[in-house]
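**Student:** I'd like to ask some things about the structure below.
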């Protein structure tokens, strides 16, 4: 039973522990729970910012995340801050937009070149002292339209968000209601199937939702959404929603939660936040009957709390999470959940790439503890083994050059997000070293727009790309040679990338029809192809296909090149489990066609002697 007196006493102890470790000259004005953080408001915040060991000591003492903010009484007006920032920069013409978030006391400054970015980062503490705002510096992309609209929503809702953060904080840091610990995983979607990924972690204290996607390639309405109705949980019972990355099969149904009354926090990484909003807005604008409205997406924006990799964060009285790079795409995260007082630790990999990509680093694996692993099984069959990335790239080079030299056209159908940016960067790299020489690399506008976030959040990119940025290399992420695809494009001796990746609809179908009868041209399939799609039929050798009611007799060449997947293959999945330091007690497979989940589960049990499961949607597994 909840004991308010005991809760207040515990809170007083936390406050006392903080005050005992803080120098009085920092002039703390208030200490508040805000979201997953304990926030210290100070009239002299630079004293604490210059002495990070003080904060580290406090964090180690109370085992909570602490944020330092300037007291609102010393914050200058937004207009004054704008002038101070521009006058402090040796080249003010390099400054683009400046966004303000009064709820967090943060100012985000977008800078056009990386040299000025380095200069301003060195002025962080002096500018905090001058302005009373925390300053964040980001590289300015070609287009800030989406982030500007998001900032307007956040700015206009500042007062409501401040109340929201306090309410969430009080809920997270309340006293535990029960002394015992138990935990179960409820399979709501994406188990023995691909799409509508969702699972619910249930403890005595908490209900945590991990991912909430849609199965956007299926027509059966009853299988489109996660089965939250199975468990019968109400919107007000969910303590937190965690989004692993911005693909629709993992985040596409989150606005539905907001539509039907969910009023809690949504956690994801910094890049995932705007990319997710971009993808959700595109879904609403392109769907004939969308499941939610732009207003529901705007509500979602005000409830997102971005977290960095490796930051240990309380999200409920008995659950702490840590995000780690999953290697799948920019900002994608595996989630480590620490339940109770170390009673149980769960790792949810989400979409995992334990292998080389050019855009992001290999998946993180060095978790201190993990008893239960929930791992994807997209390529869970024993024969789902790829060639090495080096071999795949050489095969792609030969395939491209043979067509370009013959004067043909090359169509590469790709998804809008993830693999498409990986292939664009790869093609840019290959072109920069003269391994391929197409006249042009035409890229669909929606794919191009997402590169804005690769520029803004460049600290989430692979080490080689970050090094190129640090060295101020021209065209550091190899995108200057990409050309926006126009409807009437002439693309002889050129490469064209556009959605959809499985040739089910969209621009790729239009351009396929243009080259279908051209024996000099070629379609290159690099993506996973789901059963019954036109892409799968082409992959299997069928050359007479029907798309959207139109029959196509394919006479152009078709090359299928494995090895570019942003998912792990069978060997990589096993290598990831083998690399984990902690001794696992249970492994649960998901995100794969039924037989693949079953096969991977059986292999894990046989090879590693670990109890393994391949549940169906609707089943639950007790892990503690």
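Bear in mind these aren't lab numbers, they're just calculated from the coordinates by the rules spelled out. Computed from a prediction, not measured in an experiment: that's the story for all the values here. Glycine gets a Cβ as well: all are built from the backbone with ideal geometry, and neighbour counts include every protein chain shown.
**Student:** In whole Å, largest first, what are the principal axis extents of the Cα atoms in the range 176-317?
**Tutor:** Over the range 176-317, Cα extents along the principal axes are 50, 31, 26 Å.
**Student:** Sort 612-623, 387-398 by packing, meaning the average of other beta carbons within 10 Å per residue, with the highest value first.
**Tutor:** Going by the mean number of other Cβ atoms within 10 Å, highest first, we get 612-623, 387-398.
**Student:** Still on this structure, I have one more. Considering all projection directions equally, how large on average is the shadow of the alpha-carbon convex hull of the range 522-564, in square nanometres?
**Tutor:** With every direction weighted equally, the projected area is 3.0 nm².
**Student:** Three principal axis extents, largest first, for the C-alpha atoms of the range 389-560, in Å?
**Tutor:** 51, 33, 30
**Student:** Here's something else I'd like to know. Please report the antiparallel percentage of DSSP beta bridges with both residues in the range 183-334, rounded to the nearest 5.
**Tutor:** Taking every DSSP beta bridge with both residues in the range 183-334, the antiparallel ones total about 60 percent.
**Student:** Cα-based Rg (one decimal) and Dmax (whole number) for the range 306-458, in Å?
**Tutor:** Answer for the range 306-458, Rg first and Dmax second: 19.3, 65 Å.
**Student:** Which three lengths, in whole Å and largest first, does the range 1-132 cover when its Cα atoms are put on their principal axes?
**Tutor:** Ordered largest first, the range 1-132 gives principal extents of 59, 27, 25 Å.
**Student:** Oh, and also: Take peptides 541-554, 303-316 and line them up by average Cβ neighbours within 10 Å, highest first, as a rough protection proxy.
**Tutor:** Most protected by this proxy first, the peptides run 303-316, 541-554.
**Student:** If one puts a single equal scatterer on every Cα of the range 23-73 and applies the Debye formula without solvent, what log₁₀ I(q)/I(0) results at q = 0.14, 0.19, 0.20 Å⁻¹?
**Tutor:** Ignoring solvent entirely, the Cα scatterers give -0.31, -0.58, -0.64.
**Student:** For the residue pair residue 167 and residue 622, what label-to-label distance in nm results when each label sits 7 Å from Cα along the Cα-to-beta-carbon direction?
**Tutor:** 3.5
**Student:** Considering Cα pairs under 8 angstrom that are at least six residues apart, work out the relative contact order of the range 389-560 and quote it in whole percent.
**Tutor:** 30
**Student:** Fewest to most neighbouring Cβ within 10 Å: what's the order for 194, 208?
**Tutor:** Sorted ascending by nearby Cβ count, the order is 194, 208.
**Student:** Please report Rg over Rh for the range 567-619, where both radii come from the alpha carbon positions and Rh follows the Kirkwood definition.
**Tutor:** Reported Rg/Rh, Kirkwood definition of Rh: 0.95.
**Student:** So for the chain: antiparallel DSSP bridges make up what percent, rounded to the nearest 5?
**Tutor:** Beta bridges within the chain, antiparallel portion: roughly 45 percent.
**Student:** Arrange the peptides 38-47, 75-84 so that the one whose residues have, on average, the most other Cβ atoms within 10 Å appears first.
**Tutor:** 38-47, 75-84
**Student:** Looking at the range 76-158 from every direction and averaging, what is the projected area of its Cα convex hull in nm²?
**Tutor:** The directionally averaged projection comes out at 5.0 nm².
**Student:** OK, next. Given just the C-alpha atoms of the range 309-355, how large is their convex hull per residue in cubic angstrom?
**Tutor:** 67
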